[in-house]
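Below: the structure, in structure tokens.
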Amino acid sequence: MMGPSLHKSTSSSSLPMFDTGSTLNSTEPFSLNASFLNNDNLDENVDDDIDKILQQIKGGQGVMNDHTGTAFFILCNLEMTTQSFFLDLLADAMESDKEDEATGPHSNGNSSSNNPTLLSDFSGVAKTVSSGEPVNYANRHLLFTLHFPLPQDEFFVHECNQRHILLYGVGKAKDEARHMVKKVTKEMQKLFTRKSSMDISDCGKVKKHIIKEGFNFENAVAKFQSLSIFDQQVVTNTCAQSVLEMLNGVVNGNANHLPLIESIAFLFDLMEIALNVHGLIEFIVQIIKELVDVEAQLQQKCPALTRLYCTSIGLYIIGVLYRFHNYMIVSTDDVHVIFDGLWKLVRHLPSPSDCSSAERCIFYYIYDLYSSCSYLLKKYHESIGPVILKIKSMAPSLGENNNNSMVLTNSVSMKEYLSNPKLKVDPNLINRLNENADERYTLVFNTICCVVETSDMDQLNEMSVLCAEMTASCSQLSNDWLNAFQVLFNPKKHNEYSALLSRINIGDRSIYDNLAVFFLILVARRCFSLEVLLPQVLIPSLLVIATDSSEEAERCALLSCHLILCLFKYYNKPLAVSNSAMNSSFASSSRYSLTSPGPLGIPTTAPPSNGGKKPQFVIKYACDRYLLAGALSSLRMEAVIASLKAIFFISMHFLLVCTFS
């Protein structure tokens, strides 16, 4: 096979090696000939047997039973899949030769732009397969050279230079390509300068908060995505190195500036967009190595950030680690470093039941990692065993509680926190919640009423995080949340929260998304376990309709179905690149949202959907979306199967109702 030849050019300033405008003679159909099918690697007997069975089924019976119909469907699909595989294999072999001929010195293809960066930048050609459907095609060698990443260290400087010369030549085009990468890197680096970072020598103040002053995430993400994968990883690696230098400078006492949590979270997503999973895990490992020492420096220089800055970064870290758990766990060295670093970050706490929301999530991740790795079990059994037992005991349990003597207290502070959920929680309020059941009842009752009434998605997310924080400091709230949800989802249950039904109309579907956001954020922050929630709250609400065909039971069942749908259909992709149906309302980069909403944050009033005023389903923080996926990944298969059976049962019920009504 001939390699791609040099393209003759009259310009002395560039030496392009590829012509992306090459054409293929795509009008010639190709077929599966006998010599190809008689390849020694194929099993003739299997193909013959399948053909005979198919002929017998097609020509034999006019009416097939369920088993025969299923077999016929599977075999037909097997035949089509096999033929499609052979066609694609043959097409690839033929195209590999044709593309070299088309890109030869006598090719009449259109020349590409001097600085291609995306797949869409290449003028592809159409090829036809036996089905006659056109398929877009671009030079595979060019794509590989353009996008394949190379390590950004001193050992690969020569290879990187050769890549630039191969793609852009040695003149102006090469300089323009490098200038574009430098320009995007400089814009991203604005998030990691001293002016846009926290000064721990001045109580963590930020001299120039670039996010609040108008850093345009929409344009930044769009420019970043316009680069090739190679260049995207150059940008992210440069920013990651800046973050590590800042952390290391604080640890060594040479600097006093720490990068904002929002900026680090944004960089995590950029590295995932760039498909730089290996670099992302290594970056996280290096951050974890520094966090314990950074925490020690904060205790000396800036006590206000103690137990706040490092644990918040840890929250985003474990969100990413849940996302790439199967990748990370392959490296035992990385697992040891991650486990040891996170354990050192929270081991000073007296109890996992009295901590912040971020620390609670770190404890649960330590428990999950400890339970899934035998080598961690052997090494840390003595030191961490008692803590693991405490984490297990934190799981809430539902019991029959018919105490209706709870009263709403006239707590001004409760209403103040719900109206402004970003306020720092007063420790006295936490003490009252731990000591007084009426205070807990008031918080839960008023919060759920506010959740269904609000149309501000940003405030709803902040309110949910606030409740997660309070639950982490007052573990008894977990039972209260579950008792309240039990009343909303199951008309047969009656407890002290039954009064909620007089304030909330379960038949109003416009409140379903609000309840789903609040509900799933509490799940993501480990306020209660799905192992308890599904079998004790959601599934019974679906099955109750078998004995109660009232309108109220149907409404509760529909609400439960909606929450289960949101729970299992919520995808864990970066917000800027998500294209799922569930995330379609906020998938574009123009609504990229971080821990502090920037100028392009979520709209305060959701636009109408389907002609109504139903607010969008938005979980704002990337860490919450990833933590939710992590909670799902640890769910036992029995609970999933039970949920599917319950949904199948209720679907058959409504089908029968519609049939005989």
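Just a few scattered comments:
- Each of the peptides 651-660, 468-477 was scored by the mean count of other Cβ atoms within 10 Å over its residues; in descending order, highest first, they stand as 468-477, 651-660.
- Each semi-axis of the equivalent ellipsoid for region 182-232 is √(5λ) with λ an eigenvalue of the Cα gyration tensor; in descending order they amount to 26, 12, 7 Å.
- Pairwise centroid distance, computed over Cα atoms, of region 178-244 with region 316-339, Å: 25
- Distant-in-sequence amide contacts of residue 198, defined by a placed amide H-H separation under 5 Å and a gap of 5 or more residues or a different chain, comprise 258, 260.
- In region 147-232, the alpha-carbon atoms span a convex hull of 122 Å³ per residue.
- Once you divide the Cα radius of gyration of region 179-286 by 2.2 N^0.38 Å, the number left is 1.05.
- Protection-proxy order for peptides 275-283, 637-645, each taking the mean of Cβ atoms within 10 Å per residue, highest first: 275-283, 637-645
- Residue-by-residue Karplus 3J(HN,Hα) for region 436-444, coefficients 6.51, -1.76, 1.60, Hz, glycine and proline x: 10, 5, 5, 5, 5, 4, 4, 4, 5
- Residue-normalised convex hull volume from the C-alpha trace of region 483-529: 79 Å³ per residue.
- Across region 163-172, rounded Karplus estimates of 3J(HN,Hα) from the backbone phi angles (6.51 cos²θ - 1.76 cosθ + 1.60, θ = phi - 60°) give 4, 4, 5, 5, 7, 10, x, 10, x, 5 Hz, Gly and Pro being marked x.
- The value obtained for region 151-201, namely the Cα convex hull volume divided by the number of residues, is 106 Å³ per residue.
- Spread of Cα-to-Cα distances over 10 Å intervals beginning at zero, given as percent, for region 238-338: 15, 49, 30, 6
- Reduced Cα scattering model of region 416-485, Debye log10 I(q)/I(0), q = 0.23, 0.24, 0.28 Å⁻¹: -1.06, -1.15, -1.49
- Backbone phi angles across region 359-372, fed through the Karplus curve with coefficients 6.51, -1.76 and 1.60 (θ = phi - 60°), yield HN-Hα couplings of 5, 5, 5, 5, 4, 5, 5, 4, 5, 5, 5, 5, 6, 9 Hz in residue order; Gly and Pro are listed as x.
- Sorted on the mean count of surrounding Cβ atoms within 10 Å across their residues, most packed first, peptides 239-247, 328-336 read 239-247, 328-336.
Where a number appears in this text, it was derived from the coordinates with a stated rule and is not lab data. Note that the structure is predicted; figures quoted are calculated from it, not measured. For neighbour counting, all protein chains shown are included, and Cβ atoms are generated from backbone atoms with ideal geometry for every residue, glycine included.
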